[in-house]
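The values are calculated or read from the model by the stated rules, or taken from the named source; none is laboratory data. These numbers were taken from a predicted model, which means no experiment stands behind them. Ideal geometry is used to build each Cβ from the backbone, glycine not excepted, and the neighbour counts take in all protein chains shown.
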Protein chains: 2
Amino acid sequence: MIRHPAFAIEPWSVRERRLDLDVLAQSESVFALSNGHIGLRGNLDEGEPHGEPGTYLNGLYELRPLPYAEAGYGYPESGQTVVNVTNGKVIRLLVNDEPFDVRYGTVHEHERVLDLRAGTLTRTVLWSSPTGTRVRVTSTRLVSFTHRAVAAIRYEVEAVDEPLRVVVQSELVANETQETTDDDPRAAARLRSPLVLEENVPNKNGPAIMVHRTRVSGIRVAAGMSHEIDGPDGTLVDADGSGDVSRLTVATNLAPGRPLRLVKYFSYGWSVRRSRAATHDQVVAALAAARLAGWDGLCADQRRFLDDFWNGADVEVEGDPEVQQAVRFGLFHLLQSAARLEERPIPAKGLTGSGYDGHAFWDTEIFVLPVLTYTYPRAVADALSWRRSIVPLARARATQLGLHGTAFPWRTIHGEECSGYWPAGTAAFHVNADIAHAVTQYVDATDDTSFERETGLPLLVGTARLWCALGHHDPAGRYRIDGVTGPDEYSAVVDNNVYTNLMAQQNLRVAAETAARHPDEAERLGVTAEETTAWRDAAAAMSVPYDEDLGVHPQHEAFTQHAPWDFAATKPDQYPLLLHFPYFDLYRKQVVKQADLVLAMHLRGDAFTAEHKARNFAYYEPLTVRDSSLSACTQAVIAAEVGHLDLAYRYLGEAALMDLEDLEKNTVDGVHMASLAGAWIVLVTGFGGMRAGQGRLGFAPKLPPEITRLAFRLRYRGSLLSVTATEETTTYELLEGPPITLTHHGDQIRLDRESVARPNPPRPPSNGQPRQPPGREPAARHTKSKGHKRR
Amino acid sequence: MIRHPAFAIEPWSVRERRLDLDVLAQSESVFALSNGHIGLRGNLDEGEPHGEPGTYLNGLYELRPLPYAEAGYGYPESGQTVVNVTNGKVIRLLVNDEPFDVRYGTVHEHERVLDLRAGTLTRTVLWSSPTGTRVRVTSTRLVSFTHRAVAAIRYEVEAVDEPLRVVVQSELVANETQETTDDDPRAAARLRSPLVLEENVPNKNGPAIMVHRTRVSGIRVAAGMSHEIDGPDGTLVDADGSGDVSRLTVATNLAPGRPLRLVKYFSYGWSVRRSRAATHDQVVAALAAARLAGWDGLCADQRRFLDDFWNGADVEVEGDPEVQQAVRFGLFHLLQSAARLEERPIPAKGLTGSGYDGHAFWDTEIFVLPVLTYTYPRAVADALSWRRSIVPLARARATQLGLHGTAFPWRTIHGEECSGYWPAGTAAFHVNADIAHAVTQYVDATDDTSFERETGLPLLVGTARLWCALGHHDPAGRYRIDGVTGPDEYSAVVDNNVYTNLMAQQNLRVAAETAARHPDEAERLGVTAEETTAWRDAAAAMSVPYDEDLGVHPQHEAFTQHAPWDFAATKPDQYPLLLHFPYFDLYRKQVVKQADLVLAMHLRGDAFTAEHKARNFAYYEPLTVRDSSLSACTQAVIAAEVGHLDLAYRYLGEAALMDLEDLEKNTVDGVHMASLAGAWIVLVTGFGGMRAGQGRLGFAPKLPPEITRLAFRLRYRGSLLSVTATEETTTYELLEGPPITLTHHGDQIRLDRESVARPNPPRPPSNGQPRQPPGREPAARHTKSKGHKRR
């Protein structure tokens, strides 16, 4: 396991007690701030050293050519990649003519704290310059949840021992130098100098504005900054701007006890359509609104916003302070990725890094949105409205592929398919059923009828039509979906992938039901009775392969007849396998990158008996190497369901600590939104046993020995529900809203004013736990001691 | 069908009676001359206009990067591409200060004749300059079969009406300007200025030499020319050279009746190891040897060489003069591609164009070598010796892929894998069994024991080891080969492709048998008794899927359960399908690009009953679109075997006329060696019913009504055999060598001094012929009238 920052284990914050430049890049992702609209990596104020400088704007991308050694029909010609835009975080400091730089002089104290309730990142440094001058720097940064286009920094510098001369330079910097990356296909294509200057207007007293345009995609981006300065008498302020830099320079003499304080507001506006003038003005306006609120006002709004969020979303985990911290850290990042989405996508890394080129995948619908559905449902409507907004592109893609309905992209920012390897991209059509699943789950959890009609139905109809074009009834009448790729990326282009077929079956059924509920809207979409009959017929006849000899479901047809992977001959440093073995070999053998059949058992649990679930889980567990971060949480959920609580608990640790411990060694590229969501998923659907759908809500709490008490809150159909489980008892309480009917281990409960407590069944015995491939057991935990930092 | 040149139908030549610039590029491929070592496209002497200038040297390539939108383990990083080297064909002419150029002035007569017995291309032109001066130009060109490194041109220019002044410039030109190509993935990547000059030594009286080196691959290439000039008194000769041009200039005054005659010898030497001086000297030496032979000597040697070839290889087709011409044209090009190979590959286009980047594929072993095995066996030993020489590269590739033995490249010039799309490249492992098949067939036909021991055994052992690494015994004991691609490129990465499995089965069996015959050599290769037992076991247990419901063999597992391709919705201009539909859609449906199961029925006919052959053929025929030129001949062979002689005859036309009529509209990129071989294959193995293997040789002649007499000659185990069939009778005659035992429609014949005549069974009725996909019937013939030009 990689070295990780000295993060302290605290329930409501992530505290880094010393600066370690070896893991600086990783900490930049962990400490990233975002509201889903703007994202700032946790770069040091002074700009360098840095792992990767990052300022991201949701939906802003540059195009890059996608080359092919051998071209093919329907291959995307250009890809989209997230761009590091104008950096407004930069505040440089000169102390008695020496630049403040942690690589020089002596760092006596260096602490950074991400406060999950305040929504701020605070840094305090005590530093001596190479000549011995001590100075204290304190900065607090936020990206506002309430002012969508605004970020702000409060920066304070103070003489410690003796008077000194300081110069503070607060900047906007575009086209920052970035390091190129290695050959890992998963790392982003960084682009050099993506922004073309249109305007640079410095301003000493009011807003300074820079306007650029991306070179190829032609997206205009305006960045602005405005300052409040509180310094000793005689403080000089100047402003200048040229090229890609706009600068406010503050020079002053400081004595101990009278610091220089500076508040920097900065803001962004971007558009492919609006003029330079309009974009410029929009940023000036946002800065004016931010100054009207003031620093204290922004901080107070931020805390109120988060208080409200935690009131409806918090999870308490007694007995495991690491997981307690991690699940809140995860929920915080999920909220950051989605709070102010407003018809833009949630990328796999949120706005915390440039990994996967800033693309959104199916991860959003299958891992992130299920959590937000029950904790911050407004964001789910936003994220799915983005899918609705790209229906014309998805329809055009389906047409290009010779299909009908909508074929949503495997990976994208703006909506066009950006996958350059079709067997693991375009062929992974399950993304369409995944979107339908998120719609179905959101509508079930919210009863949001207008969303269902205006956003849900078009998504369900388009995807149902796609499944009709992708499948066919064979001579025996079975409905087959051939030659597609399921979630497991170590198989591709297979027949009757169980996950895909079951998700498509649900997609087809729900589309028909929803069309029946909204006949006028369905008619407007051209849906006919013949069509919905065809959907129901296809769903009813859906092929679900089963291996009678082994008594398990093959992940796809013939999977269980393939050669097993030779795990004995695979060395520990040959993981992830895709970097050391050819796809052809992975595809043709029994080896699983990530939960696939097991994910089907979670999302379509109704299609499997308890016995099948246990046998299937036991079959796939020794084949699953978890070379994807999208696996541990699903394995944990089914492990818990079939009674392997110890194993589930170990997977919980892996999912929850993915980024805080950098388990996959790529947190530098941004945090893993789906894995962060996974911590919640394991606790609530794994140990809480929550299942919801078709108007039914149920729980089946089963706690592992390590967790002495688990409490979580959920929003469901306008109500706020609290569930608190110990080994013996579960207590359900309605905190807000109308009464709810739910089940506890299958027994129905009507929950109204009174809280209801029910005994839990005894914990299942922990014998007979299945094994993983050698060396691929769940990641070991560093420590289980309470209240201590991890190292 | 595309317009084609006005080629006259003549039995022993291809005569073009007028020049049509619209099909100039196509004619350059048809009129290409080669000896397998050097290849010259049929470019006009004066260099322009041209379709594509082409001078190719076998094994000389440049590297180009293979880019990937998403990289993957084991993907080749660079590709190899054939290079247009220094052009020695150029002879420019100035007539009274006006350049001789067919695009200006008036072309009164223009004839080109490729003489299949002389091995020369002759051109005669009567041309008026724009000012009305008439001149006659006659040139004859050859690439010597007997002087491996030498080509020569005899060039004559004559005043017709009045005295005139002419200047002839004979040149060597490197780095000629070439047009770039379209996006068709099948066309070659042309490289601009691939040659870096090392030396340019003009010479007026002796050899002029230019030495270059390829920019990236670093292959040194020397070109030289030497002249004999016969002109009127006062003829001036000068030489100069600079940059990439070396020039001999001849100026003279001509009166009618006293032409200027010039013989140009030119030669090439290339090597990655030899020094500039050595390469230079080698070309000077080759030119000296050519001048020693003289023009007449070269021509006489050329004819003797071809007389000998035709004596052992000719095919006579009475009743179809078009096919008569085409089969000889095909044999001539096959000989040209292979005559002086000497451990170099036979590319898919020979040395006639830059199509497919000049790469060699499995086409060589499965279509070209079977013809040469019985007509010019020495070349087969050469071609397979090239495979033997790249065993170390194939072994390294197998290791890289995590396999054992040898993994030969899908496409290459030098031996490294150059395929940039693995599902239709690396995954097509059948190329390895195809090589083993060619070895097996050659050894069976020649009894060449030293080849078997030194070349055949290492190839058989390496490929058998590969099949052991690629397959596995499933729990029921069946030997499965999963996740590979068969010949049909409209399916990929499938389980138990019948063709692959049957060819691997033969590969494994023959490897074990051959190792037993050469125990010492086998031991040197590390072959153990355990290993050969494993080969035999795998062969015996080989899985061959069969669809009991339909009573046919699925091309691969589950193929017959896939959706049929929607031919009704496919428009005529959507062929070839790969340019209009995504691979994902082609792969998942029942649509066949080229014979696959049907090819298995030809090469492994012993594995199918007659009833299966008929049913399988009837099943696949309506699914096979023949978007590949590697299909018609195989379909013809099986059509003939199962009794559809009319259909076989129509496929014969398509295979035979592929290039003479430019049926696939890409003869510009070079002639289709495999399809040209196909004409012979249809006549000899289809209508002649020839099958050979395991020491047995049989014939089963069945002629279609259009062919009144079919005669062919074969070399077999040191003998020369003649087979002559009419509708009623077949006559077998031993022309040279020891007695042969053969079968005629299953009846054994011992053939010695006396010729043997046997009656043929009656022609089968022509009813019940299977249909092809709509619009994909065999190409219609333009004319069946005899002795006329086609248009």
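Would you check if B:E531 is away from every other protein chain (no Cβ under 13 Å) and either loosely packed, with under 12 Cβ neighbours inside 10 Å or modelled with pLDDT of 95 or more (or both)?
For B:E531, the condition - away from every other protein chain (no Cβ under 13 Å) and either loosely packed, with under 12 Cβ neighbours inside 10 Å or modelled with pLDDT of 95 or more (or both) - is met.
Quick check: anything in region A:39-47 closer than 23 Å to A:L351 by Cα, of a type outside the set (D, E, K, R) and assigned to a strand (DSSP E or B)? Before you say what the answer is, go through the steps one by one.
Step one: list which residues in region A:39-47 are closer than 23 Å to A:L351 by Cα, which gives A:39-47.
From what is left, the residues that are of a type outside the set (D, E, K, R) are A:39-40, A:42-44, A:47.
Next, only the ones that are assigned to a strand (DSSP E or B) stay: A:39-40.
Yes.
I'd like the residue in region A:417-453 that is over 25 Å from A:Y374 (Cα atoms) and without any contact (Cβ under 8 Å) to a residue 24 or more places away in the chain and, out of all such residues, is farthest from the other protein chains (Cβ to nearest Cβ). Talk me through it step by step, then tell me what you get.
Keep residues of region A:417-453 that are over 25 Å from A:Y374 (Cα atoms), which gives A:417-429.
If we keep only those that are without any contact (Cβ under 8 Å) to a residue 24 or more places away in the chain too, we end up with A:421, A:425.
Working: A:Y421: 4, A:G425: 8 Å.
Ranking the candidates gives A:G425 first.
State the number of residues belonging to region A:475-502 that are at pLDDT below 95 and either of a type in the set (D, E) or buried (at least 24 other Cβ atoms within 10 Å of the Cβ) (or both).
Total meeting the criteria: 0.
May I ask you to list the residues in region B:430-485 that are of a type in the set (G, A, S) and part of a helix (DSSP H, G or I)?
If the condition is that a residue be of a type in the set (G, A, S) and part of a helix (DSSP H, G or I), then B:A433, B:A436, B:A438, B:A445, B:S450, B:G456, B:G462, B:A464, B:A469 are the ones that fit.
A:S271 fails exactly one of the following numbered conditions: (1) crowded, with 21+ Cβ neighbours inside 10 Å; (2) within 30 Å of A:G415 (Cα to Cα); (3) touching a helix residue (DSSP H, G or I) at 6+ places or on another chain (Cβ under 7 Å). What is the number of that condition?
(1)
Output the residues belonging to region B:9-37 that are farther than 26 Å from B:D307 by Cβ, acidic (D, E) and touching a helix residue (DSSP H, G or I) at 6+ places or on another chain (Cβ under 9 Å).
Of the residues in region B:9-37, the ones farther than 26 Å from B:D307 by Cβ are B:17-28.
Filter once more, so that each one left must be acidic (D, E): B:20, B:22, B:28.
Within region B:9-37, B:D20, B:E28 meet the criteria.
Of the conditions (1) within 14 Å of chain B (Cβ to nearest Cβ); (2) under 20 Å from A:G79 (Cβ atoms), A:A394 clears all except one; give me its number.
If we test A:A394 against (1) within 14 Å of chain B (Cβ to nearest Cβ); (2) under 20 Å from A:G79 (Cβ atoms), just (1) comes out false.
Of everything in region B:571-598, what is facing chain A (nearest Cβ under 9 Å) and not hydrophobic (A, V, I, L, M, F, W, C)? Give them in sequence order.
Matches in region B:571-598: B:H580, B:P582, B:Y583, B:D585, B:Y587, B:R588, B:K589.
Look at A:V552 and say whether it is surrounded by fewer than 22 Cβ atoms within 10 Å (Cβ to Cβ), more than 25 Å from the chain's Cα centre (by Cα) and more than 14 Å from chain B (Cβ to nearest Cβ). Break it down into steps so the answer makes sense when it comes.
On the way: surrounded by fewer than 22 Cβ atoms within 10 Å (Cβ to Cβ): yes; more than 25 Å from the chain's Cα centre (by Cα): yes; more than 14 Å from chain B (Cβ to nearest Cβ): no.
For A:V552, the condition - surrounded by fewer than 22 Cβ atoms within 10 Å (Cβ to Cβ), more than 25 Å from the chain's Cα centre (by Cα) and more than 14 Å from chain B (Cβ to nearest Cβ) - is not met.
With region A:306-394 as the region, which helices (runs of 4 or more DSSP H) entirely inside it contain at least 2 residues that are at pLDDT 95 or above and over 18 Å from the mean Cα position of the chain (by Cα)?
Here the list reads A:321-338, A:377-389.
So A:H414 ticks every box in (1) surrounded by fewer than 24 Cβ atoms within 10 Å (Cβ to Cβ); (2) touching a helix residue (DSSP H, G or I) at 6+ places or on another chain (Cβ under 9 Å); (3) within 14 Å of another protein chain (Cβ to nearest Cβ) but one. Which box is left unticked?
(3)
So, restricting to strands (runs of 3 or more DSSP E) that lie completely within region B:195-265, which ones have at least 1 residues that are over 37 Å from the mean Cα position of the chain (by Cα) and surrounded by fewer than 15 Cβ atoms within 10 Å (Cβ to Cβ)?
On the way: elements: B:195-201, B:208-214, B:220-230, B:236-242, B:245-254.
Once the strands (runs of 3 or more DSSP E) in region B:195-265 are filtered for at least 1 residues that are over 37 Å from the mean Cα position of the chain (by Cα) and surrounded by fewer than 15 Cβ atoms within 10 Å (Cβ to Cβ), what remains is B:220-230, B:236-242.
Those residues that are crowded, with 21+ Cβ neighbours inside 10 Å, away from chain B (no Cβ under 14 Å) and out of contact with any Gly (no Cβ under 6 Å at 6 or more places or on another chain), I need them from region A:60-92; list them, please.
A:L60, A:Y61, A:E62, A:V83, A:V85, A:T86, A:N87, A:G88, A:K89, A:I91
Could you pull out the residue among A:A636, A:A538 that is in the same structural domain as A:H672 (by TED's automatic domain parsing) and buried (at least 17 other Cβ atoms within 10 Å of the Cβ)? Show your work before the answer.
Working: A:A538 fails: in the same structural domain as A:H672 (by TED's automatic domain parsing).
Only one candidate qualifies: A:A636.
Take A:A407 and decide whether it is at pLDDT 95 or above, crowded, with 24+ Cβ neighbours inside 10 Å and within 14 Å of another protein chain (Cβ to nearest Cβ).
yes
For region B:469-488, give me each residue that is more than 8 Å from chain A (Cβ to nearest Cβ), over 13 Å from B:S543 (Cβ atoms) and touching an Asp or Glu at 6+ places or on another chain (Cβ under 8 Å).
If the condition is that a residue be more than 8 Å from chain A (Cβ to nearest Cβ), over 13 Å from B:S543 (Cβ atoms) and touching an Asp or Glu at 6+ places or on another chain (Cβ under 8 Å), then B:G486, B:P487, B:D488 are the ones that fit.
Against the definition (buried (at least 23 other Cβ atoms within 10 Å of the Cβ), of a type in the set (A, V, I, L, M), under 33 Å from the mean Cα position of the chain (by Cα) and under 24 Å from B:F584 (Cα atoms)), how does A:V544 come out, yes or no?
In short, no.
Exactly one condition in (1) more than 14 Å from chain B (Cβ to nearest Cβ); (2) crowded, with 23+ Cβ neighbours inside 10 Å; (3) in contact with a Leu (Cβ under 8 Å, 6 or more places away or on another chain) is false for A:Q505; which is it?
(3)
Are any residues in region A:187-240 of a type in the set (V, I, T) and under 29 Å from A:V82 (Cβ atoms), and if so, which ones?
A:V196, A:V201, A:I209, A:V211, A:T214, A:V216, A:I219, A:V221
Take B:A438 and decide whether it is of a type in the set (A, V, I, L, M), over 30 Å from B:R696 (Cα atoms) and buried (at least 24 other Cβ atoms within 10 Å of the Cβ).
Spelling it out, it is not the case that B:A438 is of a type in the set (A, V, I, L, M), over 30 Å from B:R696 (Cα atoms) and buried (at least 24 other Cβ atoms within 10 Å of the Cβ).
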